[in-house]
Amino acid sequence: MEFKDKIVVVTGGASGIGKCIVSEFLKAGARVCIIDKKENPYFIGDLADEDALRAFAHKVIAEHGRVDCLINNGMLSKGGLKDCSYEDFNYVLRVGISAPYLLTKLFMEYFGPGASIVNISSTRDRMSQPNTESYSAAKGGIAALTHAMAVSLAGKVRVNSISPGWIDTDFTVYSGSDALQHPAGRVGHPLDIAHMVLYLCSEKAGFITGENICIDGGMTRQMIYHGDFGWTLESEN
């Protein structure tokens, strides 16, 4: 197994996409270190808390001595202009941007040969719904942080990001317009993201760095206009 005994750090690894990423790395033989506010077998802590991040990093290095893969996945939303306070907005940024930045700094001298960082962004780094400013700003920020770190860590660590589209973490199968608005013909599921994470961390992706890979079933590529090709829009107003 390509990841046998590799040391993999996954933030937000206790549920959703993060949990699936953890599972796939474990299947591939890796040793996985999770940090999440939710119950998990390694470290319970808030990604917005600097002391928690430092304690987590210390534990990882003390127990393993190196990091081969850092997956910055943990994230949340606290809304936007309508209901998100200044404090809450900055809390989201600490989770979504500051935590990946600090963890990278803390592990910088401990990355193993061929190490890789994968940041989980979102298609909301390029498109939005109303009242999503906190989440969208953080996802746009992590996409930009990715190419900055790829340059700073050139020759030592490859750094890439993934922008998932609609991913149903319960593996629900959708039909009708929900599926058809995706050129791939379906809504995504966590394995669509986890498989790309493992690929980007593998030697097969050795010539890829500073890249943001959109995995959305083509949803952001399909132009939909009311009345064209059978699409209709019904206003809630």
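Structure summary
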| item | result |
| --- | --- |
| Tail fraction, Cα-Cα pairs, the stretch 1-101, threshold 25 Å, whole percent | 21 |
| Relative contact order of the stretch 7-221, defined on C-alpha pairs under 8 angstrom at six or more residues apart (%) | 20 |
| Qualifying chymotrypsin sites (Phe, Trp or Tyr not before Pro) for the stretch 144-204 [loop in DSSP, other Cβ within 10 Å: at most 12] | 171 |
| Residue list for the stretch 112-132, given a label point 7 angstrom along the Cα-to-Cβ vector of residue 235 and an amide N cut-off under 18 Å | 130 |
| Value of [θ]222 nm, deg cm²/dmol, for the chain, DSSP H segments ≥ 4, -39500 (n - 2.57) each, nearest 500 | -10500 deg cm²/dmol |
| Separation in nanometres of the label points that stand 7 Å from Cα toward Cβ, at residue 58 and residue 156 | 2.2 |
| FRET efficiency, 1/(1 + (r/R0)^6) with R0 41 Å, evaluated for residue 27 and residue 90 via beta carbons | 0.65 |
| Residue 228-residue 199 FRET efficiency (beta carbon distance; Förster radius 25 Å; 0.05 resolution) | 0.10 |
| Where trypsin sites (Lys or Arg not before Pro) in DSSP loops with at most 14 other Cβ within 10 Å are excluded, longest remaining stretch of the chain | 157-237 |
| Between the stretch 8-64 and the stretch 93-129, the Cα center-to-center distance that results, in Å | 14 |
| Rg(Cα) / (2.2 N^0.38 Å) computed for the chain, rounded to two decimals | 1.04 |
| Relative contact order, percent, the stretch 22-109 [alpha-carbon distance under 8 Å, six or more residues apart] | 24 |
| Sparse-neighbour loop sites [GluC sites (Glu not before Pro); the stretch 71-177; at most 16 other C-beta within 10 Å; DSSP] | 109 |
| Per-residue HN-Hα couplings for the stretch 30-42 [Karplus 6.51, -1.76, 1.60; θ = phi - 60°; Hz; x = Gly/Pro] | 7, 9, 10, 10, 9, 10, 7, 5, 7, 4, 7, x, 10 |
| Amide H partners (placed H, <5 Å) of residue 119, local residues excluded | 72, 160, 161, 162 |
| Sparse-neighbourhood loop sites, GluC sites (Glu not before Pro) in the stretch 1-73 - DSSP loop, at most 14 other Cβ within 10 angstrom | 2, 39 |
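No value in this document is a laboratory result; all are computed from the given coordinates. None of these values were measured; they are calculated from a predicted model. Because the Cβ atoms are built from the backbone with ideal geometry, glycine has one as well, and the counts that use them run over all protein chains shown.
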